[in-house]
1. Mind checking the angle between helix 108-132 and the chain's longest principal axis? C-alpha axes, 0 to 90 degrees, to the nearest 10.
2. Rounded to the nearest 500, what is the 222 nm mean residue ellipticity of the chain from helices alone, with -39500 (n - 2.57) per DSSP H run of 4+ residues and division by all residues?
3. If I take R0 = 41 Å and measure r between the Cβ atoms of Asp410 and Arg18 in this structure, what FRET efficiency does the formula 1/(1 + (r/R0)^6) give, to the nearest 0.05?
4. Would you work out the relative contact order for the chain, in percent, from Cα pairs under 8 angstrom that are 6 or more residues apart?
5. If each residue of separation counts as 0.36 nm, what is the full-extension length gain between Phe85 and Ala394 once their alpha-carbon separation is subtracted?
6. Charges at C-beta only: +1 for Lys and Arg, -1 for Asp and Glu. How large is the resulting dipole of the chain about its Cα centre, in Debye rounded to 20?
7. Which residue fluctuates the most in the chain, going by a Gaussian network model with Cα springs under 10 Å, if the choices are Ala186, Ala70, Ala298?
8. Could you tell me which residue out of Ala298, Thr247, Ala96 lies farthest along the dipole of the range 4-407 toward its positive end? Charges go on the beta carbon: Lys and Arg +1, Asp and Glu -1, centred on the Cα centre.
Amino acid sequence: MSHPTHSARAVLALRDFRLFVATRFLAVVAYQMVGVAVGWQIYDLTRAPLYLGYAGLAEFLPAFLLALPAGQAADRFDRRLLLAFCLLGQWSAALALLVLAVRPAPAVTAIFAVVALTGMARAFLAPATQSLLPRLVPLEVFPRAVALSSTVMKVASIAGPALGGLLYVWGPAAVYAAAAVLTATAMWSATRLRARPARSTATGIAAAKGAEGLDGLLAGVRYVWSRKDILGAVSLDLFAVLLGGATALLPVYARDILHVGPAGLGLLRGAPSIGAAAMALVLARRPLERAAGAKLFAAVVVFGLATIVFGLSRSFMVSLAALAVLGAADMVSVVVRQTLVQLRTPDAMRGRVSAVNWVFIGASNELGEFESGLTAAWFGTVPAVVLGGLGTLAVAALWAWRFPELRRVDGLADGV
């Protein structure tokens, strides 16, 4: 039984944790709103699924190129200020989209350019936020803090698409204006954070001294490569979501297959987060204390099966249910991966390791959107989603064989 001081309520009583999740909540709501508006706007202008894939690629490429320098920056500079500057970038992107939206016929290439700016900001945002959380809560409550933070983020991922879909009734400009206001509020919240001092360890001191130069730039890559449990977790997520992610094709499903319009698209975008939020609440109350590795692989299998069901469905309610199950399964992967990466990495290297982690996650999401758009252009929308789900099942089987260290992970805090 958990100690009362380690309860979810005790974690929420921490001032800086509350500010942290408030900052991320507002930023994620704004980001998800923009995602719905951009996706619908691009498909409305082009009627080509491939262009939805290009949008994912436009966000991924600058983020991929900047990921390692971003991780190095998170280990060298104040992570709180870095977080605020990243949010400034997202705020600027929302304003730029607003300017484009009020024009009679915005160029799709201009929208792609602004999406690329968002990718640049997110490259620095990910290592800054992921490496900051362990400095805001005591080590013994960190797994529960990850689950609670993930719960709030998933609630934001439900509210953001739904709000974006509803506001789109007044046009994309209304969505982008609201997103700019929310992002500005998130910036203000980020400036009020106060981080705890890092634990001084020999490993951490050595890592801090090696944070500069090319050797420091690549230190996170070497560390992840040396830890097969971490490497297996992040690469499993990469290939599972890369193949099984259908988010980029949701505008096609909403308009041409399920016929539910922009409001329906918002619900489809939010459905995975509903399942994820429910699972995160379960994990906050009952953390994965044993057989975490085996449960991770089981969750990836469920993710693949739910993707196949969604791909074949012609019922809006069945599609929502499949996406909710998909999101719940993905949340298990998120909690296992985030906890392994953060607890088994020295604080002075967390920024660089988080950047490597983000490269994998960003590749699985944004590059996965490009893959989905490309395969949909080749084979059709439904075959592309179904083949992706089958590919996820194959990846789960292969990784279970290839990474026995990950499969045998028991307690997430073991070895810390």
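Read the figures in this text as sums done on the coordinates, not as results from a lab. The structure displayed is predicted, hence computed values, not measured ones. Positions of Cβ are backbone-derived with ideal geometry, glycine not excepted, and every protein chain shown enters the neighbour counts.
1. Tilt of helix 108-132: around 20 degrees.
2. -26000 deg cm²/dmol
3. Once rounded, the FRET efficiency stands at 0.85.
4. It comes to 28 percent, rounded to a whole number.
5. 107.2 nm
6. Value, rounded to 20: 980 debye.
7. Ala298
8. Comparing the listed Cα positions along the dipole, Ala298 ranks first.
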